[in-house]
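What follows is a short report on a single structure.
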Amino acid sequence: MIDSSPPLLHYYGKLSRLPPQIPTPDQRNDLPDGIALVEEYCQLPLIDLSCLSSTNEKVRLACADAICRASSEWGFFQVVNHGISPELVRNMRREQVKLFQTPFEKKVTCGVLDNSYRWGTPTATSPKQLSWSEAFHIPISKVFEQAFYGEFSSLREVMVEFAAAMSKLARLLAGAWSNDIYKSVEHKVMANRKKERYSIAYFLCPSYDSLIGSCREPSIYRKFTFGEYRSQVQEDVKRTGRKMGLPRFLL
């Protein structure tokens, strides 16, 4: 049987065998007096995006207000009636599974998608930094290029349609730079030993030379280009194993 999974266990070596940094259930009784671990499950805000197209101004404003509240209080929300067809999502998932089930050695060496294949966390220095994932990155500028996809030509057909739909949705949601009013949450996904998890992320980003400023004064951030931000994020990940983000640009 040909293995499509990256050799994460072998790659991490001793790091994966270090003692856990979070107490296990049988260790929780050993915590100092007054210290307790609290598990809390929260339901993320659910927003009906069809309301943004309503002919009723009050309905549109109420939807926009719900997005603002969710962004400032949570930094994350779920949407329904977003205009992305279930069939398109199914087609995207089919092509995604096909790509990730390609033998590992081939994914590493074939150069498909501009050698964007990555897995694990090469800079990890502790168990909490381990990423049990693999990913491909497809920039919008390359979506239409047939040669970019190599033998995965059917992926291109779906990506062209998917990118157009996601771009429309992203631009609908992207009307607000908030001067630190909206939260920027750290994205964490729990790994599961028994079942694979597939995610499709779409990032709406400005050009690298775009100057980022605040929507209001006084700004708590210095002005910077998106290219500077990206470079800083990559440097932080390489040096510390995690993203620092906007705090690097505080005045």
Practice problem: List the number of the failed condition for Ser141; all other conditions in (1) of a type in the set (S, T, N, Q); (2) out of contact with any helix residue (DSSP H, G or I) (no Cβ under 9 Å at 6 or more places or on another chain); (3) at pLDDT 90 or above hold. | Solution: (3)
Practice problem: Sort out which residues of the stretch 128-146 are buried (at least 16 other Cβ atoms within 10 Å of the Cβ) and either outside any loop (DSSP other than H, G, I, E, B) or basic (Lys, Arg) (or both), and write them in order of number. | Solution: Glu134, Lys142
Quiz item: Can you name every residue in the stretch 198-240 that is within 30 Å of Glu95 (Cα to Cα) and exposed (fewer than 10 other Cβ atoms within 10 Å of the Cβ)?
Solution: Tyr198, Ser199, Ala201, Phe203, Ser207
Quiz prompt | Close pairs from the stretch 228-242: first within 20 Å of Leu211 (Cβ to Cβ), partner surrounded by fewer than 17 Cβ atoms within 10 Å (Cβ to Cβ), Cβ under 6 Å, at least 6 apart | solution = Gln232/Arg248; Val233/Lys243
Quiz item: Would you say Lys168 is more than 23 Å from Gly245 (Cβ to Cβ) and not in a loop (DSSP other than H, G, I, E, B)?
Solution: yes
Self-check item: Complete set of residues in the stretch 172-213 that are under 19 Å from the mean Cα position of the chain (by Cα), among the β-branched types (Val, Ile, Thr) and closer than 16 Å to Glu73 by Cα
Solution: Val185
Quiz item: Which residue pairs have Cβ atoms under 6 Å apart, sit 6 or more places apart or on different chains, and have a first residue in the stretch 204-226 that is modelled with pLDDT under 85 and a second that is part of a loop (DSSP other than H, G, I, E, B) and among the hydroxyl-bearing types (Ser, Thr, Tyr)?
Solution: none
Quiz item: Is there a residue in the stretch 49-60 that is among the acidic types (Asp, Glu) and either modelled with pLDDT of 90 or more or part of a helix (DSSP H, G or I) (or both)?
Solution: yes
Quiz item: Is there a residue being free of Cβ contacts under 8 Å to residues at least 40 places away in the same chain, loosely packed, with under 12 Cβ neighbours inside 10 Å, farther than 30 Å from Arg94 by Cα and not basic (Lys, Arg) anywhere in the stretch 189-196?
Solution: no
Quiz item: Which of the residues that make up the stretch 106-158 are touching a residue at least 40 places away in the same chain (Cβ under 8 Å) and among the basic types (Lys, Arg)?
Solution: Lys107, Lys128
Quiz prompt | Hits in the stretch 52-98 - residues which are of a type in the set (Asp, Glu), touching a residue at least 40 places away in the same chain (Cβ under 8 Å) and within 24 Å of Lys195 (Cβ to Cβ) | solution = Glu95
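Condition check ((1) under 30 Å from Arg239 (Cβ atoms); (2) among the hydrophobic types (A, V, I, L, M, F, W, C); (3) more than 18 Å from the chain's Cα centre (by Cα); (4) loosely packed, with under 15 Cβ neighbours inside 10 Å) across all residues:
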| site | (1), (2), (3), (4) |
| --- | --- |
| Arg90 | no, no, yes, yes |
| Lys106 | no, no, yes, yes |
| Thr109 | yes, no, yes, yes |
| Gly150 | no, no, yes, yes |
| Ala163 | no, yes, no, no |
Quiz item: Going through the stretch 168-188 one residue at a time, which ones are surrounded by 13 or more Cβ atoms within 10 Å (Cβ to Cβ), over 30 Å from Glu134 (Cβ atoms) and aliphatic (A, V, I, L, M)?
Solution: Leu172, Ala176
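The values are calculated or read from the model by the stated rules, or taken from the named source; none is laboratory data. Because the structure is predicted, anything quoted here is derived from the model rather than measured. Note that we place each Cβ from the backbone using ideal geometry, even for glycine, and neighbour counts take in every protein chain shown.
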